[in-house]
Amino acid sequence: MEDRYSAAVDLHGEPKQAFFGIFDGHGGTKASEFAAHNLEKNVLNEVIRRDSDFLRKDLNGGSCCVTALIRSGNLVVSNAGDCRAVISRGGVAEALTSDHKPSREDERDRIETQGGYVDTCRGVWRIQGSLAVSRGIGDRHLKQWVIAEPETKVLRIEHQHELLILASDGLWDKVSNQEAVDIARPFCVGSNRQQPLLACKKLVELSVSRGSVDDISVMIIKLQNYV
């Protein structure tokens, strides 16, 4: 199990301020552990600098990540790699992130412009015949092409925003965005429905039942706590 997570509420004593993250390690746990322990301090400015810090440690492996910073009624979601954030807006699922994979046209163009190549191996697009994600922390041997720069989206939390699902690709490879919301929502929405942990377990079980052999991490944040 190479996934790690971070969850910090009441940041700086503010009950409406929080940080959450899922970190999907590959090639070992060092990068995901490093990210989980360091990014919450200032995620908006830290991802690229922390990538440099990790590389200086001369450690192997890498990590995809998706994070959610809640502050002053705003939701700031960032991702690098194929961890994903999905929001429920009145029961309708909306992906707030776009997976960074070599199959994405703009990512493939960026890699090839920088002298790398992308090909398919058993139906999976990979960089230099190796890594199946195009952004992340670490991955020293592919750093020329696997950048740490995250994509970020900011939105105001409104009353129709019910919950946010953060998960590694072990879930999303087998469960669609709308399926995840449909399963989680009954456990989380409504005054008598306070079982987000059970919802997480249901999602993991569904992915496993469909044949997922990848690490699976799921986190659900009830956004109504932060309106």
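Say whether the condition of being among the polar types (S, T, N, Q) and modelled with pLDDT under 90 is met by at least one residue in the range 159-167. No; the residues of the range 159-167 include none that is among the polar types (S, T, N, Q) and modelled with pLDDT under 90. Selection of the range 83-103 for residues being open to solvent by 10 Å² or more (accessible area, probe 1.4 Å), within 17 Å of the chain's Cα centre (by Cα) and not aliphatic (A, V, I, L, M) yields ARG84, GLU94, THR97, SER98, ASP99, LYS101.
Of all residue pairs spaced 6 or more apart or on separate chains, those with beta-carbon atoms under 9 Å, a first member in the range 55-74 that is within 13 Å of SER6 (Cβ to Cβ) and at pLDDT 85 or above and a second member that is hydroxyl-bearing (Ser, Thr, Tyr) and assigned to a loop (DSSP other than H, G, I, E, B) are SER63/THR29; VAL66/THR97; VAL66/SER168. Applying the selection to the range 74-106, what residues are in contact with a helix residue (DSSP H, G or I) (Cβ under 7 Å, 6 or more places away or on another chain), of a type outside the set (A, V, I, L, M) and either over 23 Å from ALA36 (Cβ atoms) or part of a loop (DSSP other than H, G, I, E, B) (or both)? The answer is ASP82, CYS83, SER88, GLY91, HIS100, LYS101, PRO102. Scanning the range 130-176 for residues being acidic (Asp, Glu), open to solvent by 30 Å² or more (accessible area, probe 1.4 Å) and over 12 Å from ILE87 (Cα atoms) gives a total of 3.
With respect to (1) without any contact (Cβ under 8 Å) to a residue 40 or more places away in the chain; (2) touching a Pro at 6+ places or on another chain (Cβ under 9 Å), the lone exception for GLY190 is condition (2). Apart from one condition, SER72 fits all of (1) crowded, with 16+ Cβ neighbours inside 10 Å; (2) within 24 Å of VAL9 (Cα to Cα); the exception is (1). Scanning the range 1-20 for residues that are assigned to a strand (DSSP E or B), in contact with an Asp or Glu (Cβ under 7 Å, 6 or more places away or on another chain) and surrounded by 15 or more Cβ atoms within 10 Å (Cβ to Cβ) gives ASP3, ARG4, SER6, PHE19.
The values are calculated or read from the model by the stated rules, or taken from the named source; none is laboratory data. Here the structure is a predicted model, which is why all the values come from computation and not from measurement. Quick reminder, even Gly has a Cβ in these numbers, built from the backbone with ideal geometry, and neighbours come from all protein chains shown. Note: accessible area is taken over every heavy atom of the protein model, side chains too, but ligands, DNA and RNA are not part of it. Shrake-Rupley method; radii C 1.70, N 1.55, O 1.52, S 1.80 Å.
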